[in-house]
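Remarks on the structure that follows.
The values are calculated or read from the model by the stated rules, or taken from the named source; none is laboratory data. Please read these numbers as outputs of a predicted model, since none were measured by experiment. A quick note on method: Cβ atoms are made from the backbone with ideal geometry, for glycine too, and the neighbour counts reach across all protein chains shown. Ligands, DNA and RNA are stripped out before the accessible areas are found, and what is left, the full protein with its side chains, is counted by its heavy atoms. Shrake-Rupley method; radii C 1.70, N 1.55, O 1.52, S 1.80 Å.
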Amino acid sequence: MARAATNRRKLVLTLLAWTVGIAMFFPILWTALTSFKTEAEAIASPPSFLAFHWTLENYAEVQARSDYFLHFMNSVVISLGSTLAGLLVAVPAAWSMAFVPGRRTRDVLMWMLSTKMLPPVGVLIPIYLLFRDSGLLDSRIGLIIVLTLINLPIIVWMLFTYFREIPGEILEAARMDGAGLREEILFVLLPMAVPGIASTLLLNVILAWNEAFWTLNLSASQSAPLTAFIASYSSPEGLFYAKLSAASTMAVAPILILGWFSQKQLVRGLTFGAVK
Amino acid sequence: MGEIVLNRITKSFGDVSVIPPLDLTIADGEFVVFVGPSGCGKSTLLRLIAGLEDSSSGAIRIDGKDATALPPAQRGLAMVFQSYALYPHMTVRNNIAFPLKMARMDKAAIDRKVEAAAKVLNLTSYLDRRPGQLSGGQRQRVAIGRAIVREPTAFLFDEPLSNLDAALRVNMRLEISELHASLGTTMIYVTHDQVEAMTMADKIVVLNAGRIEQVGSPIELYNRPCNRFVAGFIGSPRMNIIEGAETGGQAHAIGIRPEHLALSTDSGHWAGTVSVSEHLGSDTFVYVQVDGVGTLVARAGGEFPVRHGDRVWLTPQPDRLHRFDAEGKAL
Ligand SMILES: Nc1ncnc2c1ncn2[C@@H]1O[C@H](COP(=O)(O)OP(=O)(O)OP(=O)(O)O)[C@@H](O)[C@H]1O
Ligand SMILES: [Mg+2]
């Protein structure tokens, strides 16, 4: 009796999970499929799912019209750069919050999170002006700085949760053994937090790769990452769905592959502490 | 050398004062044990000496130099924690070598010292394992190895054996005592184990609510406790305390240790009924309900054949009586 009930529960949950999974993945699949259609087939109604004339012409066209490699490299530099810069600031910050908390540590953490609730447009004009006056518009450095600041609260929070799980006595032992602050963090804390740091790094590369608001608004041609590369196909002389899809697929593919290969790490890192 | 002097040291956490002004001198080469009830500030005092906590006021001198403001790394002390606090991501070899690497010692010298320490501590065959693959006793030995390789000015131990089982504790206790004898380095050892305190210490410091109640050799503390707190804390089972008419009017309370109460089945000073008798083979502890006095514990050497409900007589050795005034001070 009880077994039948749990089996039914399992079945319902499995179906639900698959439905949600497919619903979430379908747009990406559809975009990928569309990228192999001709423009005419792309807007045909009713659309055909697989029985269309498969072609690579969109990819050739996109490649000829814009410099995919430049944008790809920009995306790589910006997402890796901002993640590394973020870690550099966040590791000491999370260290102090986890191991020498003060009376206001909780408040600081909440305040940092609250900055993520502010609509970014609210500060677009001031930041745009600052960037213009300091010559940071359309530069990789500028985008790295902005994305570092945008994602810093998340990096600090994630590292803070991982660090809190590490017994403080081990760090104290390092101090007794003659380690200075730098050695304590480098040789003891970081190696023990490797799983947490790896998933923080991955998540932030993904977040930075996908970030569109600031990268679109603060870059033009030189520093534009793949988000701008996609956007350039959604305007202005009418929509070309197939080419837009091809560009999107090219932009999304690298991060999708990265995510696929690191999913174990990501899931492990994100549920760290919750399950133990 | 390893002399440690605490001068009017205090510690408060926020508004809570844990250590009121405290003075203590630990001589070079001494084995000092801090004992006291849970929460009395033993660990806090040890961490103040280590530099892991900042003192609220007062001064600490280590080896003749003012160390009050020095970070732990620069005090030249080694600490062994109750939780071992080994580096889980390093092999035993690297755990022991860590303080030497921090001291920027050259590779060959590090290897030599690690091998030597491993040999002393019977860890040679485990050098390439991780702490997670060791038993509790082996882990504690690694922690000790990590402490001895750097030849510190003094060792600090915070209840290092309390996570080990009884048999292993006895072994490790002996090993630490031997280590002290062979190194001759100052050691400060926190415990709440009576036997550890009595057997290992050159000097016992009895703490109560952050204050020092008495400092002295184990035998001094046993023979001449300066107040009722120390009298009750040193010795096992506890000293019997008798108040009221039986004190004879010269003192507020008298105390007599169980081993100084003679037991007899036919005559004696106090008559009573056995409530519990514990037969250990080597000793017998008898809990006696004495008429008009209360429960007294007496120890008889060897086997003393009494059971619940038997009538017995107790006689205190007069020269072993302790007398206390109304404040609990010894007279
Ligand atoms: N970080 C801290 N913040 C606030 N109070 C603390 C802190 N550390 C210790 N205390 C308090 O200081 C007092 C002494 O603590 P300590 O750990 O030194 O006791 P202890 O003698 O080592 O006890 P035990 O035998 O249980 O280990 C306790 O009342 C404790 O609550
Ligand atoms: Mg303690």
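Points to keep in mind about this one:
Residue-by-condition table, conditions (1) exposed (fewer than 15 other Cβ atoms within 10 Å of the Cβ); (2) assigned by TED's automatic domain parsing to the domain that holds B:F304:
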residue: B:N223; (1), (2): yes, no
residue: B:T247; (1), (2): no, yes
residue: B:Q250; (1), (2): yes, yes
residue: B:P258; (1), (2): no, yes
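- Among the residues of segment B:270-295, those identified as of a type in the set (S, T, N, Q) and open to solvent by 50 Å² or more (accessible area, probe 1.4 Å) are B:S282, B:Q289, B:T295.
- For segment B:127-163, the set of residues classified as open to solvent by less than 50 Å² (accessible area, probe 1.4 Å), more than 14 Å from every other protein chain (Cβ to nearest Cβ) and more than 16 Å from ligand 1 (Cβ to nearest atom) consists of B:L127, B:L134, B:G136, B:G137, B:Q138, B:R141, listed by residue number.
- Residue within segment A:198-219 that is without any contact (Cβ under 8 Å) to a residue 40 or more places away in the chain and within 13 Å of another protein chain (Cβ to nearest Cβ) present: no
- Any hit, segment B:210-221, residues being over 19 Å from B:F324 (Cβ atoms) and within 16 Å of ligand 2 (Cβ to nearest atom): yes
- Restricting segment B:1-49 to residues that are hydroxyl-bearing (S, T, Y) and within 12 Å of ligand 2 (Cβ to nearest atom), the residue that is nearest to the other protein chains (Cβ to nearest Cβ): B:S43
- Close Cβ contacts (under 8 Å, 6 or more residues apart or on different chains) running from residues in segment A:16-40 that are over 21 Å from A:A60 (Cβ atoms) to residues that are part of a helix (DSSP H, G or I) comprise A:I28/A:V252; A:I28/A:L256.
Conditions tested, residue by residue: (1) touching a Ser or Thr at 6+ places or on another chain (Cβ under 7 Å); (2) open to solvent by 40 Å² or more (accessible area, probe 1.4 Å); (3) in the same structural domain as B:P160 (by TED's automatic domain parsing).
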residue	(1), (2), (3)
B:T10	yes, no, yes
B:V18	yes, no, yes
B:V32	no, no, yes
B:P37	no, yes, yes
B:K42	no, no, yes
B:I60	yes, no, yes
B:A73	no, no, yes
B:L77	yes, no, yes
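- When B:V35, B:V5 are screened for being within 12 Å of ligand 1 (Cβ to nearest atom) and more than 22 Å from B:V142 (Cβ to Cβ), only B:V35 passes.
- Filtering B:G76, B:G2, B:G39 for residues that are within 22 Å of the chain's Cα centre (by Cα) and closer than 28 Å to B:V114 by Cα leaves a single hit, B:G2.
- Test: residue in segment B:191-200 that is among the β-branched types (V, I, T), over 26 Å from B:Q74 (Cβ atoms), within 16 Å of ligand 2 (Cβ to nearest atom) and under 20 Å from the mean Cα position of the chain (by Cα): yes
- Residues located in segment B:88-126, provided they are over 20 Å from B:G76 (Cα atoms) and within 14 Å of chain A (Cβ to nearest Cβ): B:P88, B:H89, B:M90, B:T91
- Residue within segment B:254-264 that is at positive phi and of a type in the set (G, A, S) present: no
- Taken as a whole, the condition of being away from chain B (no Cβ under 14 Å), among the β-branched types (V, I, T) and open to solvent by less than 20 Å² (accessible area, probe 1.4 Å) does not apply to A:T249.
- Helices (runs of 4 or more DSSP H) wholly inside segment B:186-254 containing at least 3 residues that are in contact (Cβ under 8 Å) with a residue 40 or more places away in the chain: B:194-200, B:228-233
- Filter pass, B:N122 being outside any loop (DSSP other than H, G, I, E, B), open to solvent by 10 Å² or more (accessible area, probe 1.4 Å), without any contact (Cβ under 8 Å) to a residue 60 or more places away in the chain and not charged (D, E, K, R): no
- Residues satisfying the stated conditions in segment B:175-201, i.e. crowded, with 16+ Cβ neighbours inside 10 Å, among the hydrophobic types (A, V, I, L, M, F, W, C) and more than 16 Å from ligand 1 (Cβ to nearest atom): B:I176, B:L179, B:M187, B:M198, B:M200, B:A201
- Residue in segment B:98-107 that is under 27 Å from B:L24 (Cβ atoms) and open to solvent by less than 40 Å² (accessible area, probe 1.4 Å) present: yes
- Selected residue (criterion: nearest to the other protein chains (Cβ to nearest Cβ)) from residues of segment A:131-179 that are among the small types (G, A, S) and closer than 15 Å to A:W95 by Cβ: A:A179
- A count restricted to segment B:309-331 and to residues that are within 28 Å of the chain's Cα centre (by Cα) and open to solvent by 80 Å² or more (accessible area, probe 1.4 Å) stands at 6.
- Boolean, B:G210 is open to solvent by less than 50 Å² (accessible area, probe 1.4 Å), on the phi > 0 side of the Ramachandran plot, within 16 Å of ligand 1 (Cβ to nearest atom) and not aliphatic (A, V, I, L, M): yes
- Residues of segment A:122-149 that turn out to be under 22 Å from A:S75 (Cα atoms), surrounded by fewer than 17 Cβ atoms within 10 Å (Cβ to Cβ) and among the β-branched types (V, I, T), as a count: 1
- The single residue among B:L77, B:L52 that is within 16 Å of ligand 1 (Cβ to nearest atom) and either within 14 Å of another protein chain (Cβ to nearest Cβ) or modelled with pLDDT under 95 (or both) turns out to be B:L52.
- Conditions (1) in contact with a helix residue (DSSP H, G or I) (Cβ under 9 Å, 6 or more places away or on another chain); (2) within 9 Å of chain B (Cβ to nearest Cβ): number failed by A:P195: (2)
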